[in-house]
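Engineer: One structure, as structure tokens, below. Some questions next.
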Amino acid sequence: MEIKEEGTSEEGQHFLPTAQANDTGDSQFTSIQKTPNEPQLEFILACKDLVAPVRDRKLNTLVQISVIHPAEQSLTRYSSTEIVEGTRDPLFLTGVTFPSEYPIYEETKIKLTVYDVKDKSHDT
């Protein structure tokens, strides 16, 4: 594999914070702030090689997203994906987004449960 360098080293520099001198002449960098509309956490979901409870049966899959907050230690249903029909390898178009004001901490647990909506036992 060959890597080619295109352009000059000055390209892309406008994305970086620029150094600014303060009253004493020392350089200071401008900090990059997170915008209010930017989500705190966002992810997409896909499954691979799910096993159907009955051989040769096509799955109709849904993922339920629940949250366990560290202070409460109780499971709260947050969201779910759309149902993807007829495949063992579903790619869900509905992503999961936790907005910036949602209280997520390092200790917060996110539980993903995969269901076959046509199977009452929910073993998948």
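The values are calculated or read from the model by the stated rules, or taken from the named source; none is laboratory data. These figures come from a predicted structure and were not determined experimentally. Glycine gets a Cβ as well: all are built from the backbone with ideal geometry, and neighbour counts include every protein chain shown.
Engineer: Answer with yes or no whether residue 78 is more than 25 Å from residue 51 (Cα to Cα) and at pLDDT below 90. Before you say what the answer is, go through the steps one by one.
Structural biologist: Numbers: more than 25 Å from residue 51 (Cα to Cα): yes; at pLDDT below 90: no.
Taking the combined requirement at face value, the residue does not satisfy it.
Engineer: Can you report the number of residues in segment 36-90 which are part of a strand (DSSP E or B), charged (D, E, K, R) and over 14 Å from residue 118 (Cβ atoms)? I'd like the intermediate steps shown before the answer.
Structural biologist: Of all residues in segment 36-90, those part of a strand (DSSP E or B) come to 41-43, 46, 60-68, 75-80, 84-85.
If we keep only those that are charged (D, E, K, R) too, we end up with 42, 77, 85.
Add one more test, that the residue is over 14 Å from residue 118 (Cβ atoms), and what stays is 42, 77.
The qualifying residues number 2.
Engineer: Then there is this: Which residue, of 89, 116, is touching an Asp or Glu at 6+ places or on another chain (Cβ under 9 Å), surrounded by fewer than 16 Cβ atoms within 10 Å (Cβ to Cβ) and of a type in the set (Asp, Glu)? Step through it out loud before you land on a result.
Structural biologist: Numbers: 116 fails: surrounded by fewer than 16 Cβ atoms within 10 Å (Cβ to Cβ).
One residue alone meets the criteria, 89.
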